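Here's the structure, in structure tokens; my notes come after.
Quick note: the coordinates plus some simple rules give every number you see, no bench work behind them. Since the structure is predicted, the reported quantities are computational estimates derived from the model, not experimental observations. Every residue, glycine among them, receives a Cβ derived from its backbone with ideal geometry; neighbour counts consider all protein chains shown.
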Amino acid sequence: MADLPIPLDADLTARLGNVLDIEGKIPRALEALGPVSDRDVLLVDGLEGGRARQLGELGARVTAVGPPPLDDIAEASVDVLVSQWTAFRGADPSEVAEASRVLRPGGRLLVVHDYGRDDISRILGDRPEYDTWSRRDGPFLRSGFRIRVIHCWWTFGTIEEARTFLVDAFGDAGAVVGEGLTRPRLSYNIAVYHRTFGASTTG
């Protein structure tokens with residue numbers, strides 16, 4: 001899975017990679033919530049994209065794997081499990097149980113999903129992650145997770161560059177959002193649902 005839950009061709013993915021979260025808020029949040037530095041980190045569905053590199057730059061010992069199940073991962077072998085977009089959708093109980101199995105005592109599960117309430121959600125339309133998932137009675141918070149919302153941006157050089165990308169990537173829906181731009185960036189909010197498993201060995 002790439003670093004976005006949006007299927008784009010290689011050219012568009014490369015263009016977006018140059019403008020998405022150029023401030024590095026997402027990896028910094030993962031470090032703050034983990035931390036990941038000097039820890040064994042399992043990146044679920046992270047075989048594509050740059051997240052493994054970002055985590056490595058923070059000092060993590062990263063193993064990137066495909067989506068669950070995590071049958072090949074040994075029990076209690078991971079300090080932090082980071083998942084992006086395709087897994088742990090709605091805090092799937094079987095996947096949460098798998099996370100509990102592979103995490104060491106005090107291990108951290110960090111689940112990255114879109115949060116919505118931003119420019120990008122206006123393009124992509126209704127999704128459960130924009131509504132029920134972040135509610136107090138939603139699947140994550142009632143399952144013991146907390147939520148950290150990260151306010152990111154897609155930052156382009158000019159408004160025209162942003163509009164051209166939106167049309168190329170999303171057609172009419174992108175054009176509508178592009179027409180309303182007053183500056184060359186789009187708001188993009190990320191939710192990191194986070195939870196600790198087991199008793200901490202460090203107090």
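Applying the Karplus relation 6.51 cos²θ - 1.76 cosθ + 1.60 with θ = phi - 60° to the stretch 162-169 yields 3J(HN,Hα) values of 4, 5, 4, 4, 4, 5, 4, 8 Hz, where x marks Gly and Pro. Qualifying GluC sites (Glu not before Pro) in the stretch 112-182, where qualification requires a DSSP coil assignment and no more than 14 other C-beta atoms within 10 Å, are lacking entirely. Dividing the helix sum by the residues of the chain, where each DSSP H run of 4 or more adds -39500 (n - 2.57), gives a mean residue ellipticity at 222 nm of -9000 deg cm²/dmol.
The mean sequence distance of close C-alpha pairs (under 8 Å, at least 6 residues apart), as a share of the length of the chain, puts its relative contact order at 23 percent.
Residues in the stretch 135-168 near a label at A32, defined as backbone nitrogen under 17 Å from the 7 Å Cα→Cβ point? Label zone hits: 146-153. Principal axis extents of the C-alpha atoms in the chain (largest first, rounded to whole Å): 53, 36, 29. Listed peptides 149-156, 134-141 appear in the order 149-156, 134-141 once ranked by packing, highest mean of other Cβ atoms within 10 Å at the front.
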